[in-house]
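Notes for the one structure printed next.
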Amino acid sequence: MAPSAHPRIPEIRTVMFPRDINHMGSIFGGHILSLLDLAAAQFAHSFSARKYVTKVMREVNFISPVYVGDRVSFYCTLRHVGTTSLTIRVDVEAFRGIRSSKIIKVTSAEVVMVAVDDNFHPVPVLDRPRKKKRGKKRNVENA
Ligand SMILES: CC(C)(COP(=O)(O)OP(=O)(O)OC[C@H]1O[C@@H](n2cnc3c(N)ncnc32)[C@H](O)[C@@H]1OP(=O)(O)O)[C@@H](O)C(=O)NCCC(=O)NCCS
């Protein structure tokens, strides 16, 4: 299946360039990590408009190498909404070749993004309006 026909919409999809290779000729893992981080940050921002910093990246297991010319997609899924943090799963897939329809799973990771103020102090992700205190329903006739 071609990426354009993919049912999910990637947060980022980009082509790998020669400037991003390591000494063995495949794409440098740090480049994929930085895009993964960026995808999670963009996703967090679109969920709730805040400033975010990356707190945790869990279990980044590179399954397959990525090569120059691969089109790499970063798909984000919301896993958990905390008070000041969002936990986001990022799945990374590469699409290789012009005629081939091969999708290669590159890696997936869980990223915890923390919403912060201008002083880098954690702030709530959501504006939760205070719930109005409701009195017990009174029976007007017997009041
Ligand atoms: C992010 C930062 C502001 C958080 O400060 P902190 O003192 O750890 O704040 P808290 O303990 O209140 O935790 C904030 C949130 O992170 C979560 N958190 C902290 N450590 C965690 C961990 N190891 N795993 C999962 N969540 C974690 C907390 O549960 C909390 O979320 P919640 O409010 O939704 O429950 C601070 O650690 C920081 O500035 N880190 C550097 C960030 C950065 O520069 N990132 C880029 C790296 S190059």
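Just so you know, all these numbers are worked out from the coordinates, no wet-lab data involved. As the structure is a computational prediction, the values presented were derived from the model and not from experiment.
Quantify how much of the Cα-Cα distance distribution of the range 1-73 extends past 17 Å, in percent.
On the way: 1402 of 2628 pairs.
For the range 1-73, the share of Cα pairs beyond 17 Å comes to 53 percent.
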When all C-alpha to C-alpha distances in the range 9-125 are sorted into bins of 5 Å, what percent of pairs does each bin hold, rounded to whole numbers? 2, 12, 22, 21, 16, 12, 8, 5, 2, 0, 0
Pop out the ³J(HN,Hα) list for the range 43-49 in order, Karplus 6.51 cos²θ - 1.76 cosθ + 1.60 with θ = phi - 60°, rounded to Hz; leave Gly and Pro as x. 4, 4, 5, 6, 6, 8, 6
